[in-house]
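Asks: One structure, pasted below without further comment.
The values are calculated or read from the model by the stated rules, or taken from the named source; none is laboratory data. Please read all numbers here as calculations on a predicted model, not as lab measurements. Heads up, the Cβs are rebuilt from the backbone with ideal geometry, glycines too, and the neighbour counts pull from every protein chain shown.
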């Protein structure tokens, strides 16, 4: 009898030592990953996790949410490894990382919270100049960090992936075909600024290329920027002054 009492006391003591958040129940029901592609080959990534919180875990979640010192690894211990960054460059880390767990809202049947991760990633595309003012971009699929299937990475259940193109970009090729907008393929991706893929799409042979044709003004600005970077501010000012004097001289000569 004494052994039983000692055993029960030991179990009670062990349970008392287990953190309360070990019993927290969270379930990620949906993930939306939006990749905003930039002309400098980087990307602004926004990930929104839809999380269902059990009734018994509402108080714990609210406590964890206001604990500003909790890191991403702390939240991964609370919710599991589904709470990870899904766009990671193999040659560069992320920067400007922000992690924002939202407040819980109840819709009558479930307690729902939205957790947002925002960060920048370098080298998600490569770029080559193929003609004057024409730049050809290719997405680097090695940055994907999604679920692994038999044939490679695939979009996880209840997951959507959206690409937002930089201003002036035109899609040249894409595989697999995007799920939205539905008319993108039939219209040869004309005037398309964002495309999306949904659950189950294979990513092992993912291909995405686009071109940007810069205007003449952009080329002139790029020229002056390169001159400034190469010669420095003093020489740059002299070159600008010479050009302005030449324009004034030409204007006065024509006006005679």
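Asks: Going by what's in this entry, would residue 114 be described as surrounded by fewer than 17 Cβ atoms within 10 Å (Cβ to Cβ), out of contact with any helix residue (DSSP H, G or I) (no Cβ under 8 Å at 6 or more places or on another chain), touching a residue at least 60 places away in the same chain (Cβ under 8 Å) and over 30 Å from residue 171 (Cα atoms)?
Replies: Judged against the criteria, residue 114 is a match.
Asks: A further question follows. I need the strands (runs of 3 or more DSSP E) fully contained in region 128-223, keeping only those with at least 3 residues that are touching a residue at least 60 places away in the same chain (Cβ under 8 Å) and within 21 Å of the chain's Cα centre (by Cα).
Replies: Counting at least 3 such residues, we get 134-139, 159-164, 207-213.
Asks: Are any of the residues in region 113-124 in contact with a strand residue (DSSP E or B) (Cβ under 6 Å, 6 or more places away or on another chain), modelled with pLDDT of 95 or more and farther than 30 Å from residue 67 by Cα?
Replies: Yes, some residue in region 113-124 is in contact with a strand residue (DSSP E or B) (Cβ under 6 Å, 6 or more places away or on another chain), modelled with pLDDT of 95 or more and farther than 30 Å from residue 67 by Cα.
Asks: While we're on this one: Run down 160, 89 and say which single residue is touching a strand residue (DSSP E or B) at 6+ places or on another chain (Cβ under 6 Å), surrounded by 14 or more Cβ atoms within 10 Å (Cβ to Cβ) and within 17 Å of residue 32 (Cβ to Cβ). Lay out the reasoning, then the answer.
Replies: Numbers: 89 fails: within 17 Å of residue 32 (Cβ to Cβ).
Within the list 160, 89, the selection yields 160.
Asks: Test each condition in (1) under 22 Å from the mean Cα position of the chain (by Cα); (2) more than 24 Å from residue 201 (Cβ to Cβ); (3) at pLDDT 90 or above for residue 91 and report the one that comes out false.
Replies: Against the list (1) under 22 Å from the mean Cα position of the chain (by Cα); (2) more than 24 Å from residue 201 (Cβ to Cβ); (3) at pLDDT 90 or above, residue 91 comes up short only on (3).
Asks: Still on this model: Can you tell me which residue within region 3-58, out of those that are part of a loop (DSSP other than H, G, I, E, B) and modelled with pLDDT of 60 or more, is nearest to residue 86 (Cα to Cα)?
Replies: Here the residue is 42.
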